[in-house]
Amino acid sequence: MNAARRKQIKAIITRLGKVSDLGLDDLKADLETIRDEEQEAYDNMPEALQAGERGVASEAAVSALDDVITALEEAIDTLEGLGDQLEEAAA
C-alpha cells in the first residue's frame, strides 16, 4: 500500500476514534435504564392491566427497547473493530 492510501486510512481511524467519543456506551446505559423501568412498571401492574391495552403497549415498548439496545451493542462492537481492521490493511 502506498503512503497516500496509508495516510487516508490513518485519517479514517482518527475519525472512528471520534465516534467512540459520542458517548454510545452512555446512550446504551440510558436506554437500558428506561427499559428496566418500563419492565418494572409492567411487572407491578395487576394482571388485568397486563392483559389489557396498557400492558400490551408496555410489553411492546420493552421489546422495542431490547431491539434498539441489541442493535446499538452490535454497532459499538463493529465500530470498535473497524480501527483494528483498517490498521491491518494499512500495514
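Each row is one residue, and each column tells you yes or no for (1) surrounded by 15 or more Cβ atoms within 10 Å (Cβ to Cβ); (2) of a type in the set (D, E, K, R).
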position: Ala51; (1), (2): no, no
position: Ala57; (1), (2): no, no
position: Ala61; (1), (2): yes, no
position: Thr70; (1), (2): no, no
position: Glu73; (1), (2): no, yes
position: Thr78; (1), (2): no, no
position: Gly81; (1), (2): no, no
position: Glu88; (1), (2): no, yes
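Answer yes if at least one residue in segment 39-58 is touching a residue at least 24 places away in the same chain (Cβ under 8 Å), small (Gly, Ala, Ser) and either in contact with a Cys (Cβ under 6 Å, 6 or more places away or on another chain) or part of a helix (DSSP H, G or I) (or both), and no otherwise. Break it down stepwise before answering.
We begin by selecting, within segment 39-58, every residue touching a residue at least 24 places away in the same chain (Cβ under 8 Å); these are none.
No, that holds for no residue.
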Checklist line | Residue list for segment 16-26, restricted to those being surrounded by 10 or more Cβ atoms within 10 Å (Cβ to Cβ) and either without any contact (Cβ under 8 Å) to a residue 24 or more places away in the chain or not acidic (Asp, Glu) (or both) | finding: Leu16, Gly17, Val19, Ser20, Leu22, Gly23, Leu24
Item checked: Out of Ala41, Ala48, Ala60, sole residue that is small (Gly, Ala, Ser), at pLDDT 95 or above, in contact with a helix residue (DSSP H, G or I) (Cβ under 9 Å, 6 or more places away or on another chain) and more than 30 Å from Arg5 (Cα to Cα) -> Ala41
Item checked: Lone qualifier among Leu16, Leu79, Leu22 - being part of a loop (DSSP other than H, G, I, E, B) and within 18 Å of the chain's Cα centre (by Cα) -> Leu22
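The values are calculated or read from the model by the stated rules, or taken from the named source; none is laboratory data. Predicted model, so just to flag it, every value in this text is computed and none were measured. Ideal geometry is used to build each Cβ from the backbone, glycine not excepted, and the neighbour counts take in all protein chains shown.
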